[in-house]
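A.B. asks: My questions will all concern the structure given below.
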Amino acid sequence: QVQLVESGGGLVQAGDSLRLSCVASGRSFSSYSMAWFRQAPGKEREFVARISWNGGSTLYADSVKGRFTISRDNAKNTGSLQMNSLKPEDTAVYYCAAGNLGATTSAFYNYWGQGTQVTVSS
């Protein structure tokens with residue numbers, strides 16, 4: 001069992017940066033791929049980025065490529081999402097997730113945090 005807690009969301013202006021953090025507790029976080037998803041009001045949850053268990057492989061949604069960076073520190077049981085050049089369309093609740101397959105589909109992730117709100121004003 002892995003418990004995930006996100007933090008770092010907030011209200012920013014377009015062009016600003018935010019860094020989201022995900023703290024994991026429980027067993028074997030380092031053996032799971034980690035991902036960030038987001039869900040805007042009235043929309044389905046969408047993939048943002050994922051990182052392999054050892055940090056050696058990353059994958060990004062086209063909409064955030066070049067602006068967002070996912071990372072993890074297995075020694076500290078933490079993950080993060082650095083978000084630069086934020087746009088109003090990045091406004092959503094952001095969720096940290098952990099799973100075995102490193103997929104881009106939310107159904108393949110077993111563990112989820114409660115989410116943190118990111119709001120980008122124009």
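A.B. asks: If amide hydrogens are placed 1.01 Å from N in the peptide plane, which non-local residues have theirs closer than 5 Å to the one on Phe68?
C.D. replies: Hits under the 5 Å cutoff: Asn84.
A.B. asks: Counting only protein heavy atoms and using a 1.4 Å probe, what share of the accessible area of the chain belongs to carbon plus sulfur, as a whole percent? Could the numbers behind the result be given before it?
C.D. replies: Numbers: 2860 of 6110 Å².
C and S fraction of accessible area: 47 percent.
A.B. asks: Here is a further query. Which value, in debye to the nearest 20, describes the size of the charge dipole of the stretch 18-113 about its Cα centre when Lys and Arg Cβ atoms bear +1, Asp and Glu Cβ atoms bear -1, and nothing else is charged? Can you show the working numbers first?
C.D. replies: On the way: 11 positive and 6 negative charges, 35 e Å.
Result for the stretch 18-113 is approximately 160 debye, rounded to the nearest 20.
A.B. asks: Something else: Quick one: Cα centre-to-centre distance for the stretch 97-122 and the stretch 36-59, in angstrom?
C.D. replies: 5 Å
A.B. asks: Moving to a separate point now. Give the calculated FRET efficiency between Leu101 and Asp16 to the nearest 0.05, with a Förster radius of 35 Å applied to their Cβ-Cβ distance. Working shown, then result.
C.D. replies: On the way: r = 33 Å, r/R0 = 0.95.
The pair Leu101/Asp16 has a calculated efficiency of 0.55.
A.B. asks: Would you mind working out the accessible area per residue for the chain, using a 1.4 Å probe, and quoting it in Å²? Before the final figure, lay out the partial values.
C.D. replies: Details: 6110 Å² over 122 residues.
Per-residue value: 50 Å².
A.B. asks: Tell me the Kirkwood radius of the stretch 19-117: reciprocal of the mean inverse pair distance over distinct alpha-carbon atoms, in Å. Don't skip to the answer; put the middle values down first.
C.D. replies: Details: mean 1/r = 0.0750 Å⁻¹.
For the stretch 19-117, inverting the mean 1/r across all distinct Cα pairs yields 13.3 Å.
The values are calculated or read from the model by the stated rules, or taken from the named source; none is laboratory data. All of these numbers come straight from a predicted model, not from anything done at the bench. All Cβ positions, glycine included, derive from the backbone under ideal geometry; neighbour counts span all protein chains shown. All accessible areas refer to the heavy atoms of the entire protein, side chains included, with ligands and DNA or RNA removed. Shrake-Rupley method; radii C 1.70, N 1.55, O 1.52, S 1.80 Å.
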